[in-house]
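Encoded as structure tokens, the structure appears first; notes follow it.
The values are calculated or read from the model by the stated rules, or taken from the named source; none is laboratory data. Quantities reported herein were computed from a predicted structural model and do not represent experimental measurements. Glycine also receives a Cβ, built like all others from the backbone with ideal geometry; neighbour counts cover every protein chain displayed. We work out accessible area using only protein heavy atoms, side chains counted, and drop any ligands, DNA or RNA first. Shrake-Rupley method; radii C 1.70, N 1.55, O 1.52, S 1.80 Å.
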Amino acid sequence: MPSCLITGASSGIGHQLALDYARAGWQVLAVARSTDALEALAAQHKGIRPVVADLTRARDVAALCQSIAESGQPLDLAILNAGTCIYVDAGDLQLQDFEQTFAINFFAIVRLSAALLPLLQQSKQGRLALVSSLAHYFPFTRAEAYGASKAAVSYFADSLRVDWADKGVAVSLIEPGFVDTPLTQKNDFAMPFLLSVEDASQRMLAGLSKGKPRIRFPKRLVWSLNLLRLLPYPLRIRLAAGMKP
């Protein structure tokens, strides 16, 4: 039975991914900080093993990886999905907003990626999947912290793929658009081409099963953002400024 680790499994995309992989016959390590949410998730399928951990803490990451190693089962896939979004006030930038966002969205990914490498190498088909976002393709208002953290994840994944090519571990970058989750439900602006978590999860599963190095969706939003990136830079900036409420 193949095994996978999924972070951010207490809600949203991570929750749905855990269910979908378990239903597909995988042994799932569902990681999050909420004990209650993980226990409720594990109750939905016997193939899900809940693991409570704060991935911003080095000791939690070390304990998680030690537990996996001691289980004796190779880790075939790790989907690092946990993330947060803090919208900032550009007129009163607070460093703590950026530190908190990067701690969860980027530095936790780097720490866990490094710790998981030897475990993924034990599998004949080890794959690391990093969840970024399409948000960094365009300068959206108030997204200085979130967009920058996701841009960092995307570059990290692309660079890591090159350097891990000879280590026997594949790297996939996942860049979704707007997905209906507890995080996006707090947004007070229109979200074009909004997807359900079920749809997003199935797109991720399909892409990862095919070994795709980059999974971006929905295509309509990808094409729209790519067209915006073709505009002259000054025009693009004016357009972005015009989107401010």
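Table for the structure above
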read-out	value
L128 being part of a strand (DSSP E or B), in contact (Cβ under 8 Å) with a residue 12 or more places away in the chain, open to solvent by less than 20 Å² (accessible area, probe 1.4 Å) and touching a strand residue (DSSP E or B) at 6+ places or on another chain (Cβ under 7 Å)	yes
Number of positions in region 1-54 that are out of contact with any strand residue (DSSP E or B) (no Cβ under 9 Å at 6 or more places or on another chain) and open to solvent by 60 Å² or more (accessible area, probe 1.4 Å)	6
Residue in region 185-200 that is touching a Leu at 6+ places or on another chain (Cβ under 7 Å) and within 30 Å of L75 (Cα to Cα) present	no
Residue in region 131-147 that is out of contact with any Lys or Arg (no Cβ under 7 Å at 6 or more places or on another chain), open to solvent by less than 10 Å² (accessible area, probe 1.4 Å), farther than 23 Å from L17 by Cα and aliphatic (A, V, I, L, M) present	yes
Among residues of region 151-160, those that are open to solvent by less than 10 Å² (accessible area, probe 1.4 Å) and of a type outside the set (A, V, I, L, M), counted	1
Unmet criterion (only one of (1) out of contact with any Leu (no Cβ under 6 Å at 6 or more places or on another chain); (2) surrounded by fewer than 20 Cβ atoms within 10 Å (Cβ to Cβ)) for L64	(2)
Pairs where the first residue, in region 198-215, is open to solvent by less than 70 Å² (accessible area, probe 1.4 Å) and the second is of a type in the set (D, E), C-beta under 8 Å, 6+ apart	S201/D20; L205/D20; I215/E175
